[in-house]
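For reference, the structure is listed below as structure tokens.
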Amino acid sequence: MWSKFELVEKQARFWVLMSHGSTLTAACDAVGVNRRTGRRWRQATGGRIPLPEAERSGRYLSLEERLRIADLHLGGTGVRAIAALVGRSAATISRELARGGSKTGPQARTKYAPYAAQKQAELRGRRPKASKFDHPELALLVQKKLCVKWSPEQISDHLAAVFPDRQEMRVSPEAIYQALYGGGRGDLRGDLHQHLRTGRAIRHPRRPAAKNSGKIPDMTMISERPAEVEDRAVPGHWEGDLILGSHCRSAIAT
């Protein structure tokens, strides 16, 4: 039996061969599946070859780059050497080999499947992405905690402590804020923002603090005053203050 990752790889190669004019039988034989599996794949798309994804920017690895990485990796070339030949950073190649390799079997970290890796990258890049709050259990728990005035930070920490092994029950504070200020997502209601401690319905952007705010420009420090100030001989050397009464209805100058 093939793993799910290997099956995705075979299906991706199957459609590449079909798009190049191969017959169903030839494509099935080339990827190592029986004709019934090939017919099932073809029937699932209504007999049409899936359209290729829109061309991705140079920021992301292309199928050609992944095929070259696979060939070099299969030939025993090291990560840094592959990075130099492909024109990518060593970190990108290392991450791609770890992410795009089969996770089962004794060669879990040595086998790299370029077609499956390309398919997974296309799925990750689809927009809009599914919301974490499409999971009803998570949405209900977050909703209950918001209703008793828990902050998103407290909720996130609580979920991490209670569900350490369930990734679907983990959510960051920012994801909660975005869901609330975005009118709700998934099973999370959009009116829950009123339970936040601020009670705001919209998000206020944080403004950077102004430099030297509250300081008088070209101010002379007390330590820099001349000595003659101490005898108060000149009216300008006297110090004054203004004291305001309740609601500014009275004032005293001192």
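Tabulated data for the structure shown
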quantity: Verdict on Ile93 being out of contact with any Gly (no Cβ under 8 Å at 6 or more places or on another chain) and modelled with pLDDT of 90 or more; calculated: yes
quantity: Residue list for segment 212-232, restricted to those being loosely packed, with under 10 Cβ neighbours inside 10 Å and of a type in the set (A, V, I, L, M); calculated: Ile216, Met219, Met221, Ile222, Ala227
quantity: Qualifying residue in segment 107-128 (condition: modelled with pLDDT under 80, within 30 Å of Leu192 (Cα to Cα) and assigned to a helix (DSSP H, G or I)); calculated: yes
quantity: Contacts under 9 angstrom Cβ, first residue in segment 103-119 being closer than 19 Å to Phe14 by Cβ, partner of a type in the set (Ser, Thr, Tyr) and modelled with pLDDT of 80 or more, 6 or more apart; calculated: Gln118/Ser62
quantity: Selection status of His193, at pLDDT below 75 and either open to solvent by less than 100 Å² (accessible area, probe 1.4 Å) or not in a loop (DSSP other than H, G, I, E, B) (or both); calculated: yes
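The values are calculated or read from the model by the stated rules, or taken from the named source; none is laboratory data. Keep in mind it's a predicted model, so treat the numbers as computed, not measured. When we count neighbours, we look across all protein chains shown, and the Cβ atoms used for this are built from the backbone with ideal geometry, even at glycine. Quick note on the areas: whole protein, heavy atoms, side chains included, nothing else; ligands and nucleic acids left out. Shrake-Rupley method; radii C 1.70, N 1.55, O 1.52, S 1.80 Å.
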